[in-house]
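For reference, the structure is listed below as structure tokens.
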Amino acid sequence: MIELIELTKRYANTLAVDELSLSVPSGEIFGFLGPNGAGKTTTIRMMMGLLQPTSGRVLLGGADLATDPLTAKAMCGFVPDRPHVYDKLTGAEYLDFAAQLYSLPDGVRHSRRDRFLQLFDLAAWGDELVEGYSHGMKQRLVMASALMHEPQLLIVDEPTVGMDPRGARLLKRIFRETAGRGATVFMSTHSLEVAEELCDRVGIILHGKLIALGTVEELRAQANHTTDSSLEAVFLRLTGGEEDEPAHEALFA
Amino acid sequence: MTAPATRERLATTSATTWGELHQQDPDAHGGWYWQRLLMSPRLLAARNRYRRYSKGARIRLGALALLGIGFGAGVFTFFYRALNYFLSVPEFGPVLTYKLLGMVFVTFFSILLFSNIVTSLSTFFLARELERVVAAPVPVRNLFYARFAETVIDSSWMMLLFAAPAFLAYGIVHDTGPAFYLTTIATLPPFLLIPAALGVTITTTLVNVFPARRTKDILLLLAVFSIALLYTLFRMVRPERLVNPEGFADFTAFLTAMQTPEYTFLPSTWATEILFPMLGLRDGNPLFYYAVLLSTAAVAVIGCEAVVTRSFAAGWTKAQEGRQTRKALRPLWERLVGVFTAPFSSATKVLVEKEIKTFFRDTSQWSQLILLGALVVVYVYNFSVLPINGSPLVTFYVKNVIAFVNLALAAFVTASVAARFVYPSVSLEGRAFWAIKTAPVSARQIWWSKFWSGLVPLLILGEILIVATNSYLQVMPFMHWLAAVTLLVMLFPIVALALAVGIAYPNFEAENAAKIASGAGGLVYMLLCMSFIAAVVMLEAWPVYVMFSSQFSEAPLSISGWIGVALSFGSVAGLTVSVFLISVRRGIAALENLEV
């Protein structure tokens with residue numbers, strides 16, 4: 001479903017993503033992990049056509065994003081890391097708008113809009129302008145808008161940041177159900193618990209390069225950890241985070 | 001080290017450091033310390049932006065500077081020629097020179113006042129970075145001066161850019177020597193400070209008076225206020241007296257009246273009275289007026305400081321409270337939008353509907369329409385009172401020449417409106433643009449949705465302007481049609497150019513459309529647009545002149561004459577189509593590659 005081929009993004013003096021190649025099959029929940037500034041969001045934004053890659057290709061469901069962007073985009077639902085939405089639309093209007101961008105028939109659009117407002121706890125706010133929504137409400141609205149057209153590929157950047165426990169539980173359920181119907185979920189996250197609990201496979205990116213790829217067990221083996229160690233320990237070992245611990249000592253010195 | 005030991009150490013170091021760090025009272029720092037500190041993020045950001053410019057961006061910056069210089073040269077030429085012409089007119093020359101200087105200052109003052117009111121709303125109350133500064137132990141007085149300086153710079157830099165060549169022309173034409181320039185340099189700072197202080201005071205008061213009714217009401221009030229101000233100042237200058245000396249009892253009374261400042265309480269009058277005697281055309285009392293200007297500026301700034309330091313906290317709090325939920329209204333016209341968008345394809349229809357809804361729900365956008373309405377009324381009114389009488393030949397020529405100037409002016413007005421409403425339309429998508437960019441909607445569809453949303457209202461506005469004013473002028477039917485059709489055709493490239501340049505200079509972080517339009521890209525757009533308008537008008541001027549002459553002398557046009565006419569109109573068509581197609585192509589390509 002997802003093919004990244006030597007994907008590279010260079011900003012003026014920074015190599016944000018460095019010849020990243022990755023393949024994710026249909027029906028998989030894939031976790032994309034990495035420390036801050038590793039290149040996760042840049043990769044995702046290139047996958048969605050929000051950034052132009054310096055070189056390399058993105059294939060979504062076999063469609064090349066560079067040459068056939070509309071086919072590629074029609075398959076995807078996207079949830080960005082920050083829920084920027086049109087403040088002057090109501091929640092219901094926003095869902096309508098998002099669905100119309102994917103040419104959803106009117107009947108389906110209206111029934112899904114009402115159902116999703118209910119599901120995401122926004123029914124009481126559906127006729128309010130989005131400018132009055134809290135951060136969490138906007139996140140739920142964006143998630144709902146990404147699901148309106150039942151995408152074959154759901155790409156989610158940091159889904160649980162700012163979500164309350166109830167919202168986070170709902171998300172997990174949605175991801176499982178989405179993968180259950182054969183769609184692919186590609187998510188970047190800092191929440192290693194979520195990744196460990198949900199993901200079939202995990203990729204770790206550091207300095208723009210994919211440094212580890214596989215199931216959690218396979219990553220444990222790569223990091224030479226025992227079977228009972230957590231993904232956090234594996235992650236810190238692979239990304240060099242363990243070396244940071246003495247830094248606490250230096251704090252306030 | 002064990003965990004408790006670390007905690008103990010942290011506690012010890014923290015306690016000591018806290019004591020040492022916070023011994024100093026924030027008020028103990030000098031004003032300059034705070035000024036430098038509070039303005040540093042902006043200065044550093046500007047420096048960093050410049051350092052990170054790629055070679056291409058620096059070249060663009062250079063090209064922009066060159067364009068600016070070119071435009072400055074245009075302003076200089078206009079003033080240089082006008083002033084030289086005035087010099088050649090006996091008796092009237094000094095009067096016209098004085099009036100022009102007065103008009104320059106009145107225009108500057110009114111624009112500066114409005115600009116300061118709008119800018120200070122953002123710099124003092126709405127800017128995102130303010131939260132961090134307000135939460136820090138910064139004395140309000142110092143916050144005031146830092147923000148005041150930002151307001152003055154933001155509101156005045158462009159005005160100074162256009163003022164410099166005008167004053168240079170005054171100096172050169174009247175061969176004044178360095179004293180005039182030094183006086184100008186000394187006059188401008190207090191002249192800029194007065195509208196800034198007034199603007200900040202008005203904004204602070206409004207924010208305190210209208211807490212619950214949100215920024216919307218403030219902006220609405222500002223719009224209405226500016227209409228009144230604009231209209232009043234316009235009438236104060238009484239420009240029609242320049243062309244109608246007969247209205248005065250006698251010529252001497254006319255001259256005396258024209259040379260006497262009408263509204264001595266206006267800072268623009270004081271500034272005129274300081275500079276005019278330096279031109280050597282008549283005596284005056286510049287020192288007195290300078291003292292008045294300087295003391296007023298000082299009092300205004302101190303008064304403004306007093307208002308802000310007393311009411312900033314309350315105003316700031318109320319400005320925050322203003323951001324509350326508002327139930328969306330669905331008036332009938334919104335349903336009519338569906339009818340309006342019916343001819344479009346489904347994707348374009350969705351985007352156009354969204355454009356219209358967000359526009360009319362954004363007060364900072366639609367309130368500008370009130371101002372626009374007033375400008376149109378004043379514009380058309382002026383044509384209704386133009387004293388065009390005289391011999392049939394003179395009247396015939398004057399009417400048709402004015403009709404031509406009117407065409408250029410109407411095009412300029414619509415271009416200015418496009419700069420304010422069409423140019424920022426992609427930037428106004430803001431960070432929410434990802435929703436459209438990641439959807440299966442082509443750049444072409446996005447482009448055309450924005451294009452039609454901008455073109456239709458501008459066509460209505462432009463045609464009303466040109467048809468109404470030409471009706472008042474009673475121009476020949478040929479000129480009537482020519483102007484109406486030319487403007488209609490010109491509006492396509494004018495709107496396309498606004499979109500294309502707007503995409504080339506995206507600003508997704510700006511808080512309002514006015515800020516987007518006042519950026520470098522806005523300037524580039526206006527310069528390109530004005531060049532285009534000037535080219536079209538000039539290309540049409542010759543054939544129209546030839547045809548009028550032939551008609552008036554009742555001598556039929558020769559074949560070569562007809563060929564020349566056809567070539568001129570052909571060039572207009574070629575230029576218009578080229579600018580339109582280039583704008584569309586480059587705009588769509590830029591939109592495709594736009595990174596959000």
Out of everything in segment B:282-297 that is over 19 Å from B:Val106 (Cβ atoms) and in contact (Cβ under 8 Å) with a residue 40 or more places away in the chain, what residue ends up being surrounded by the most Cβ atoms within 10 Å (Cβ to Cβ)? B:Leu294
Might you let me know whether segment A:66-76 holds any residue that is more than 30 Å from A:Ile205 (Cα to Cα), within 9 Å of chain B (Cβ to nearest Cβ) and not in a helix (DSSP H, G or I)? no
Where A:Thr160 falls short, out of the listed (1) touching a Ser or Thr at 6+ places or on another chain (Cβ under 6 Å); (2) among the polar types (S, T, N, Q); (3) farther than 17 Å from A:Ala195 by Cα: (3)
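Assess whether B:Ala135 counts as being more than 25 Å from the chain's Cα centre (by Cα) and open to solvent by 30 Å² or more (accessible area, probe 1.4 Å). If you could, list the steps in order and put the result at the bottom.
Numbers: more than 25 Å from the chain's Cα centre (by Cα): yes; open to solvent by 30 Å² or more (accessible area, probe 1.4 Å): yes.
Yes.
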Please name all residue pairs, on different chains or six or more residues apart, with Cβ atoms under 9 Å, provided the first residue is in segment A:208-220 and is within 14 Å of A:Gly34 (Cα to Cα) and of a type outside the set (A, V, I, L, M, F, W, C) and the second residue is surrounded by fewer than 15 Cβ atoms within 10 Å (Cβ to Cβ) and at pLDDT 85 or above. A:Gly208/A:Thr14
Go through (1) open to solvent by less than 20 Å² (accessible area, probe 1.4 Å); (2) touching a residue at least 40 places away in the same chain (Cβ under 8 Å); (3) not in a strand (DSSP E or B) one by one and return the number of the condition A:Gly49 breaks. (2)
Search segment B:66-87 for residues being open to solvent by 50 Å² or more (accessible area, probe 1.4 Å) and among the β-branched types (Val, Ile, Thr), and hand back the single one that is farthest from B:Gly521 (Cα to Cα). B:Thr77
Tally of residues being more than 7 Å from every other protein chain (Cβ to nearest Cβ), open to solvent by 60 Å² or more (accessible area, probe 1.4 Å) and more than 20 Å from A:Tyr133 (Cα to Cα) across segment A:93-121: 4
Condition check: under 13 Å from the mean Cα position of the chain (by Cα) and aliphatic (A, V, I, L, M). Does A:Leu141 satisfy that? no
Does A:Tyr11 satisfy the criteria of being at the interface with another protein chain (Cβ under 10 Å from one of its Cβ atoms), of a type in the set (Ser, Thr, Tyr) and open to solvent by less than 40 Å² (accessible area, probe 1.4 Å)? no
Given the condition crowded, with 19+ Cβ neighbours inside 10 Å, β-branched (Val, Ile, Thr) and either away from chain B (no Cβ under 11 Å) or in a loop (DSSP other than H, G, I, E, B) (or both), answer yes or no: does some residue in segment A:151-158 qualify? yes
Of the conditions (1) in contact (Cβ under 8 Å) with a residue 60 or more places away in the chain; (2) more than 19 Å from the chain's Cα centre (by Cα), B:Leu113 satisfies every one except a single condition; which number is it? (2)
B:Gly430, sole failed condition from (1) of a type outside the set (Phe, Trp, Tyr); (2) within 7 Å of another protein chain (Cβ to nearest Cβ); (3) more than 24 Å from the chain's Cα centre (by Cα); (4) part of a helix (DSSP H, G or I): (3)
Output the residue which, of all residues in segment A:83-92 that are at pLDDT below 90 and more than 7 Å from chain B (Cβ to nearest Cβ), is farthest from A:Met148 (Cα to Cα). A:Asp87
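Residues checked against (1) at pLDDT 85 or above; (2) open to solvent by 30 Å² or more (accessible area, probe 1.4 Å); (3) more than 22 Å from the chain's Cα centre (by Cα); (4) away from chain A (no Cβ under 14 Å):
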{"position": "B:Gly31", "(1), (2), (3), (4)": "no, yes, yes, yes"}
{"position": "B:Leu38", "(1), (2), (3), (4)": "no, no, yes, yes"}
{"position": "B:Leu64", "(1), (2), (3), (4)": "no, yes, no, yes"}
{"position": "B:Val89", "(1), (2), (3), (4)": "no, yes, yes, yes"}
{"position": "B:Tyr98", "(1), (2), (3), (4)": "yes, no, yes, yes"}
A:Gly136 passes all but one of the listed conditions (1) of a type outside the set (A, V, I, L, M); (2) free of Cβ contacts under 8 Å to residues at least 40 places away in the same chain; (3) at the interface with chain B (Cβ under 8 Å from one of its Cβ atoms); the exception is number (3)
Can you say whether B:Gly93 is assigned to a helix (DSSP H, G or I), at pLDDT below 85 and either away from chain A (no Cβ under 14 Å) or within 28 Å of B:Ala127 (Cβ to Cβ) (or both), as far as the supplied structure shows? yes
If you check A:Thr184, A:Thr215, A:Thr160, A:Thr178, which single one turns out to be at pLDDT below 85 and not basic (Lys, Arg)? A:Thr160
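The values are calculated or read from the model by the stated rules, or taken from the named source; none is laboratory data. What you are looking at is a predicted structure, and each value in this text was computed from that prediction instead of being measured. Because the Cβ atoms are built from the backbone with ideal geometry, glycine has one as well, and the counts that use them run over all protein chains shown. Keep in mind that these areas ignore ligands, DNA and RNA; they rest on the heavy atoms of the full protein, side chains included. Shrake-Rupley method; radii C 1.70, N 1.55, O 1.52, S 1.80 Å.
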